[in-house]
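*Asks:* Shown below is the structure under consideration.
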C-alpha cells in the first residue's frame, strides 16, 4: 500500500458529541496541521473522509488498554484511509499528538522553546500499522510548583487560560496524564477546571489534603487542631469531595500543619512519634472513608515526605492498603530525605524491595529551599544522575504515580523531556536523548551545543561531599543576603547559623572565606563556558540565536554573574574587616553591577510573548539581592565618608591644586554612591 498523503485535500471525520478533552485534542491537532500545511483540512462525513478518528470497538484488532491507541490503514475506492483509533478519550488525544510529533515534526515543547514547524505542502505517512506502547508509569504528571514566573507573566491573578493551556498541552504532548496545577492558588481560578477539561487527572498538594480549603482561611478565628475541631476539618474535606467527586482525581490524603509544616509545631502536646503517628493515621483513615462514601474505587495517595516519611519508617503510621505511598527526592535529585536548615540526615526515601503495596514518586527538576536550589536555571546535576536515580526507582517498583516538580516550564524543558521519556519507556540512553533534544532545536552545531549542555552541570558549584550537592542559582542570592544582613547588624564573629549547612560551624569570617573560595573557583569554569556559548550562538541563524539565548545562554549568564557578584561581595567584606573602606565601597559597587548583569540577562529574554516573564522573580529574588547590596554600599560609605560625603572625593579624586584652597560653597556637592564608586574604581583598582 502506498504512503498516505496528508495535505490540504485530506478530509477528516470524528464522532459528534465527544467529550471536551477529545475536542481539545482534535483542536490542538488541527492547529498543528494548519501550522505545517498553511491551511486546515475539511471536516466531512465518515463515508467521505480519508482521515478518521474514532473509538476502538471490542472486535477491533487494536490497542485496548486505557489511554492506548492504534493507527490503521485501509484501501477503499482507490483511496487510502487512515484511522486513529483510541481505546478511550486520552487514547484518541495521544494518537493525534503522536502523529503531530512523528510526521508533522511538532515538538512537545514547541511553545516553550519557540520552535515553529517547517511549512510543507504535504506529509507522507507510511501505511504501516502502529500500536502504542503501554507507559511504564500509570499516573505521570507535573506539579506546577513555585510558579511565580507564570503568575507574574499574566496580568490577571490567578493566571488565566492563556497561561495554563500551553502548560497542559505540553504535558499531554509529553505523554503526561496528571497534574497538580499550581501552588495555593485561589479555588476560583481556572487551573484545575481547565486541567480536568483537557482530560488530565488532577491531584493535590500534600499541605492541602483532598484539595480542601486551608483550615485557617476558612476558620481564621479557630485553632487549627483536629483534636479540638474535628467537625470543622471534616466539613472542609466533605465540601472538597462533593465538588470533585465526578472528576478524574488522584486524592491526596495527608495531615500537616497550616503553612506546610508539621502540625505539632502548633500543637506541642503531640510530643512523641507515637502520638504524632496515631493522629496522622486517624486522619488519613477518616479522609479515606469520606471519599469512599462518594466515589467508587477512588485512587488515593499520601506523601512520604518530611516528617511523615520518618514516622512511616519508624513504624508509627497505619495506612489503608489501597493508598499509594509517594516517595520524594531531596530536591537535588537523590532519593533521600531533604535538608531542613542545617539538618541533613539523608535517610533513604525508598520502600524496601520486599515491601508490598502501591508506590509513587515525587521528584524535582526545579526546587526552592532558600539555600542552593535551582529555580530560574535548570537542574544543576547531570542527566546521568537523574537516569541512575530513576532506574533505581523502577527497581523498587515505583510505577503507580510520578509527579515531577516542573516549576515554570520554560527553563526546565531539557530535564522534563528526559523524564517524560523515562515515564513512557523506562529504559533510555540519556546521551542519545540529549542529541535528539539538540537536533530538534537547532539546524547545525549540534556537537558544540551538546558539549555546552554537558559542561553546564560540570560548572555548577559542588558545595558538599555528595554527588548531588550541586548548586543552583539561589546559592548566589540567599546566602549573600544572609551575609549582608549579618555584616550590617554587627553580630560578632560567632558562626552564622543559617550558613552552617554549607560553610560549616566556623567563625563568620571563615564562612565568608568559604563562599568566596567556592565562587572564585567556579567562576573560571562559568567564564569559559559563557565564552564558548557566546561564540557558538554567533554562528547560529538569527532565529536560532534567540532560542539558544533563551534556553541556555541566559542560564549560564545567571550563574556567571552570580559568581562574580558573590566574589566581589566577599572581597568587600574582607576589605571592610581591614578598615579599607573606600576599597570595600568600590567592591560592593562591583558586586552590585555583576548582580545587575544577571537581571539584565533575564530581561533580554523577555521578548514578544515572553514580555514580563521574569517580573515576579520572588523566590531567587534578584531584586532583593540588588536592594541589599545597594543598602550595603551606602552603609560602607558611613565609615570614613560620613558626615559630609565629601571626604573620599577630596582624598582620592580632587586635584591636588584644589585640595587646600577650594571654597566649601562651590565644591561640596556630594557625589551619588554610583558616581563616587565609579570614580574611585578608576583610581583604586
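*Asks:* How big is the equivalent ellipsoid of segment 459-639 along its three axes, where each semi-axis is √(5λ) from the Cα gyration tensor, reported in whole Å from largest to smallest? Please list the in-between numbers first.
*Replies:* On the way: eigenvalues 184, 67, 43 Å².
In descending order the semi-axes read 30, 18, 15 Å.
*Asks:* Highest first, please rank the peptides 230-241, 634-645 by the mean number of other Cβ atoms sitting within 10 Å of their residues.
*Replies:* Going from most to least packed, we get 230-241, 634-645.
*Asks:* Would you mind computing, in nm to one decimal, how far apart the modelled labels at residue 48 and residue 431 are, each placed 7 Å from Cα along Cα→Cβ?
*Replies:* Going from the residue 48 label point to the residue 431 one covers 5.5 nm.
*Asks:* Calculate, for residue 651 and residue 488, the FRET efficiency according to 1/(1 + (r/R0)^6) with r their C-beta to C-beta distance and R0 22 Å; round to the nearest 0.05.
*Replies:* 0.35
*Asks:* Is any residue of segment 1-38 close enough, with backbone N under 16 Å, to a label point placed 7 angstrom from the Cα of residue 75 along the Cα-Cβ axis, and if so, which?
*Replies:* So the set is 1-5.
*Asks:* Here's another thing I want to ask about it. Specify whether the C-alpha gyration tensor of segment 4-131 places it in the rounded, prolate or oblate class, a ≥ b ≥ c being the square roots of the eigenvalues: rounded for a/c under 1.5, otherwise prolate if a/b is larger than b/c and oblate if not.
*Replies:* oblate
*Asks:* Between residue 394 and residue 61, what is the FRET efficiency for a Förster distance of 25 Å, r being their Cβ-Cβ separation, to the nearest 0.05?
*Replies:* After rounding to 0.05, the efficiency reads 0.25.
*Asks:* Taking 0.36 nm per residue of separation and subtracting the Cα-Cα distance, what length does fully extending residue 658 through residue 274 add?
*Replies:* Values: separation 384, 0.36 × 384 = 138.24 nm, distance 7.92 nm.
Full-extension gain reported as 130.3 nm.
*Asks:* Continuing with this model, one more query. What is the antiparallel percent of DSSP beta bridges lying wholly in segment 36-164, to the nearest 5?
*Replies:* If we restrict to bridges inside segment 36-164, about 65 percent are antiparallel.
*Asks:* Also, I was wondering about something else. If you stretched the chain out fully between residue 612 and residue 455, how much longer would it get, using 0.36 nm times the residue separation minus the C-alpha to C-alpha distance?
*Replies:* Details: separation 157, 0.36 × 157 = 56.52 nm, distance 2.93 nm.
Full-extension gain reported as 53.6 nm.
*Asks:* Would you calculate the separation in nanometres between label points at residue 321 and residue 216, each defined as 7 Å from the Cα along the Cα-to-beta-carbon direction?
*Replies:* Output for this residue pair reads 4.0 nm.
*Asks:* So in the chain, what percent of DSSP beta bridges are antiparallel if you round to the nearest 5?
*Replies:* Of the beta bridges lying entirely in the chain, close to 30 percent run antiparallel.
*Asks:* For residue 642 and residue 161 in one chain, what is 0.36 nm times their gap in residues minus the Cα-Cα distance, to one decimal in nm?
*Replies:* In short, 167.7 nm is gained.
*Asks:* Just report the Cα centroid separation between segment 547-605 and segment 408-439, whole Å.
*Replies:* Taking the Cα centre of segment 408-439 as reference, the centre of segment 547-605 is 32 Å away.
*Asks:* Using the Kirkwood radius built from alpha carbon pairs, what does the Stokes-Einstein equation give as D for segment 293-419 at 25 °C and 0.890 mPa s, in µm² per second? List each step's numbers first, then the result.
*Replies:* On the way: Rh = 15.5 Å.
Diffusion coefficient, whole number: 158 µm²/s.
*Asks:* Can you tell me the orientation of helix 413-425 relative to the chain, as the angle in degrees between its alpha-carbon axis and the longest Cα principal axis, to the nearest 10?
*Replies:* 30 degrees
*Asks:* Assuming R0 = 56 Å, can you tell me the calculated FRET efficiency for the pair residue 340 and residue 11, based on Cβ-Cβ distance, to the nearest 0.05? Can you show the working numbers first?
*Replies:* Values: r = 61 Å, r/R0 = 1.08.
Efficiency, rounded to the nearest 0.05: 0.40.
*Asks:* Please compute the modelled spin-label separation between residue 543 and residue 509, points set 7 Å along Cα→Cβ, answer in nm with one decimal.
*Replies:* So the two model labels end up 5.9 nm from each other.
*Asks:* While we're on this one: Can you give the % of DSSP beta bridges in segment 317-406 that are antiparallel, to the nearest 5?
*Replies:* 20 percent
Every read-out reported here was derived from the displayed coordinates using simple, explicitly stated rules and does not represent laboratory data. Just so you know, these numbers come straight off a predicted model, no measurement behind them. Ideal geometry is used to build each Cβ from the backbone, glycine not excepted, and the neighbour counts take in all protein chains shown.
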